[in-house]
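Engineer: Okay, here's the structure, questions in a sec.
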Amino acid sequence: QKEVEQNSGPLSVPEGAIASLNCTYSDRGSQSFFWYRQYSGKSPELIMSIYSNGDKEDGRFTAQLNKASQYVSLLIRDSQPSDSATYLCAVNPRTGANNLFFGTGTRLTVIP
Amino acid sequence: GAVVSQHPSWVICKSGTSVKIECRSLDFQATTMFWYRQFPKQSLMLMATSNEGSKATYEQGVEKDKFLINHASLTLSTLTVTSAHPEDSSFYICSAIGPPGLSSYEQYFGPGTRLTVT
C-alpha cells in the first residue's frame, strides 16, 4: 500500500465550477498535510498546508482534513483555466523525520 | 518568504562527464534540503536528504557514489551527477524546509534543473 494515494485523473471541470481533489494516506499518526501545484515543466509550488481536522480556507482554495478517515482534500472554487495543473498531496509521517511522502498527483484541466 | 534557487536551470552534457547542480536558500537558513528527480509524466522521487555539516541520507536504490551531495553551508547544497549517462537525463529539483516561524515541515522547492545527457 502506498503511503499517499491520489486519483491520477485527469479531472476536467468547466470554468467557474468547483474542482474537488482527494487524497488518502496510510499512516494514522501523520500530523502535517500539504497541497502543491505543479505546472507542466515546472517545480511544485506550495499552495496549502493543514494540520488539524476541519477546513482551512485561503482565497479560492479550501483544504479539508479528516484524520479519522485518513483523508485530505482540496477544493478549488470558481476554477480558472490557470488552475490547470497537477496537484500533489504530501504528508509528513509521524516518525519525526522531516521528509514528506508525495502522492502521484491529480491532473486538473479547467475548460474555458 | 522562503525562496529557493537552483543553478543551472538546464544543462546538456556528454555521456561520461560530471555535472554539478547548486541549490540555495536565498532568504533563510536551511539545515535540511532534499533532492528529487522527476521523469516525464511521473511523480517526484526523493533521492536523498541533505543535512548541513553531515553526510546525506540516500533513499533505497539511489547510488551515493554516483549522486554526490554536499551541504557545506546553511544556504547551499550541491548535487553532482558523476559519469552521467543518458538514463540520468531527468528533471532534478531541490527543496528546503522553510525557516523557523513558518509552519513545520513545509518544503519550498527550487525551480528545478533539466539535465540532458547525450
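Values in this text are rule-based calculations from the coordinates and carry no lab data. Owing to the predicted nature of the structure, the values given are computational and were not obtained by experimental measurement. FYI the Cβ positions are ideal-geometry reconstructions off the backbone, even for glycines, and counts take in every protein chain you see.
Engineer: Restrict the search to the range A:1-103; then list the trypsin sites (Lys or Arg not before Pro) that DSSP places in a loop and that have at most 10 other Cβ atoms within 10 Å of their Cβ.
Structural biologist: A:28
Engineer: Can you pull the one-decimal nm distance between simple spin-label points at residue B:15 and residue B:72, each 7 Å off the Cα toward Cβ?
Structural biologist: According to this spin-label approximation, the distance is 3.2 nm.
Engineer: May I pose another question? Can you put B:85, B:71 in order, fewest other beta carbons within 10 Å first?
Structural biologist: On the way: B:85 11, B:71 23.
Result, fewest neighbours first: B:85, B:71.
Engineer: Let me ask you something else. Using a 10 angstrom cutoff on alpha carbons, build the Gaussian network for chain B and name the most mobile of B:105, B:36, B:92.
Structural biologist: B:105
Engineer: Net charge near residue B:91, counting Lys/Arg +1 and Asp/Glu -1 over other residues with Cβ under 13 Å of its Cβ?
Structural biologist: Computed value for this residue: +3.
Engineer: Please compute one quarter of the surface area of the Cα convex hull for chain B and express it in square nanometres. Don't jump to the answer; show the numbers that get you there.
Structural biologist: Numbers: hull surface 28.0 nm².
Dividing the Cα hull surface by four gives the mean projection, 7.0 nm².
Engineer: Stretch residue A:56-residue A:22 to full length: gain in nm at 0.36 nm per residue minus the Cα-Cα span?
Structural biologist: This chain segment gains 10.8 nm when fully extended.
Engineer: For the range B:15-67, run through the GluC sites (Glu not before Pro) and keep only the ones in DSSP coil with at most 11 other Cβ atoms within 10 Å of their Cβ.
Structural biologist: Filter output for the range B:15-67: B:63.
Engineer: Let me ask you something else. Please state the relative contact order of chain B as a whole percent: Cα pairs under 8 Å, 6+ residues apart? Numbers along the way, then the final one.
Structural biologist: On the way: 298 pairs, mean separation 42.7, N = 118.
Answer for chain B is 36 percent.
Engineer: While we're on this one: Compute the distance from the alpha-carbon center of the range B:33-55 to that of the range A:23-99, in whole Å.
Structural biologist: Comparing the Cα centres of the range B:33-55 and the range A:23-99, I get a distance of 20 Å.
Engineer: Using a 4.7 Å cut-off between beta carbons, which cysteines in the protein assembly as shown end up with no partner cysteine at all?
Structural biologist: B:13
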